[in-house]
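These notes are about the structure you will find just below.
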Amino acid sequence: AFYAISREWLVALLCVHLTMMIGAAAAIYVYARQSMSRIPAAVAMVTYIFLPYHLIDQYQRGAMAELLGFVWMPLMLLFGERLLRPKSSNLTNNKRSSRLQNAAGLALTFGAFIWSHPPTAFQFTIAFAVYMVLFAFKQRAWRSSLVLIPATLLGLGLSAAYFLPAFVERDLIRREYVAEIWPYHATYVFVHGLRYANTHRAFFNLIDFIWVFNTVAIIAGAVALLKSERRFVESSPGLKDRIWLWVVIGCLAAFMMTKVSYPIGRLVPGIETGVFTWRMLAITTLITALIAGSCVQAALNRRKNRKESEPKSL
């Protein structure tokens, strides 16, 4: 579409990258606004765009398909959470319409994610499923959670023109060759047992650094928020529970990128679809950005609390 307008491929590629950056920024901002005020949501947005894994996908790897996944992850969480909001037993037409819209939104974003980049979509689906189960438990919304099933199945249906032939015709490709060149369980951080690892050692060192940076940021931010700043987090409705859930899936993604996760990873059907374990850095990037916004929200709540507690001058 951009080439049809510009008639230059370089301009078209630059426009695509810019559009995806704006799309990712808008997606996480809208999602963060569910539990944060404008400034913290903006901090989460900026952090999301400028964290290193997002930048190397854009400027070093040029991974356009994977980069598009940064748009869909926050939107899947957004629509998934909205579907699990407590509803009265007697739904009005507006509430029914809202539920249908959110189910359609989840189906569209999930289907678009599969169309965009199946490896990252597969990995995020695992984290998304864990998040939704825990969110339903916290909200006591087990009945509402049943809506997630047809919504995700509809998403699979919307991507079936791409997903189904790939699945049915998988025996027509040289899977053993792919498994030999890119063995999933040899791509753990700090391992990188690929035959070409030494040739790209600087890149893999950067991957290891990003894993450490994101993991430390998630854990440190969570400790600060849930301990020393706990009462200021509670000032924002819904933020406390979300922080706990964000940390869970962030730590889960970080864990699944390490060698110690092998006994669990080998039991996950089709996990080699992800090709590289470190693609889950996209998930930890999302969580790191949300934790950064949460820290700013807690700081603003603390400042507001201090102002309200100060004696007013006569």
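The values are calculated or read from the model by the stated rules, or taken from the named source; none is laboratory data. Note that the structure is a prediction, hence the values are computed from the model and not measured. A quick note on method: Cβ atoms are made from the backbone with ideal geometry, for glycine too, and the neighbour counts reach across all protein chains shown. Calculation scope for accessible area: heavy atoms of the full protein, side chains included, ligands and nucleic acids excluded. Shrake-Rupley method; radii C 1.70, N 1.55, O 1.52, S 1.80 Å.
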Problem - residue 143/residue 212 FRET efficiency (R0 25 Å; Cβ-Cβ; nearest 0.05) - result: 0.05
Exercise for the section: Could you size up the charge dipole of the range 17-85 around its Cα centre, putting +1 on the beta carbon of Lys and Arg and -1 on that of Asp and Glu, and report it in debye to the nearest 20? Expected result: 260 debye
Problem - Relative counts (whole %) of C-alpha pair distances in the chain, using bins that are 20 Å wide - result: 29, 57, 12, 1, 0
Practice task
Over the alpha-carbon set of the range 87-229, divide Rg by the Kirkwood Rh and report the Rg/Rh ratio to two decimals.
Solution key: 1.08
Practice task
Can you tell me how much longer the chain between residue 3 and residue 63 gets when fully stretched, taken as 0.36 nm per residue apart minus their C-alpha distance, in nm with one decimal?
Solution key: 19.7 nm
Handout entry: Dipole moment magnitude, nearest 20 debye, the chain about Cα centre, only Lys, Arg, Asp, Glu C-beta charged
Key = 1340 debye
Practice task
May I ask you to derive the FRET efficiency for residue 55 and residue 172 from their Cβ-Cβ distance with R0 = 41 Å, giving the value to the nearest 0.05?
Solution key: 0.65
Handout entry: Under 17 Å from the residue 267 label point (7 Å along Cα→beta-carbon), backbone N, the range 119-135
Key = 126-127, 130
Exercise for the section: Among the listed pairs 240/304; 138/227; 138/259, give every one whose C-alpha distance is greater than 25 Å. Expected result: 138/259
Exercise for the section: Would you mind telling me which residue in 161, 127, 104 has the biggest mean-square fluctuation in a Gaussian network model of the chain, where springs connect alpha carbons within a distance under 10 angstrom? Expected result: 161
Fill in the blank from the handout: Of the accessible area of the chain, computed with a 1.4 Å probe and all protein chains kept, carbon and sulfur make up a percent value of 65 percent
Problem - Stretchable slack from residue 182 to residue 11, in nm (0.36 nm times residue separation minus alpha-carbon distance) - result: 58.3 nm
Problem - Contour minus Cα-Cα distance for residue 164 and residue 302 (0.36 nm per residue) - result: 44.5 nm
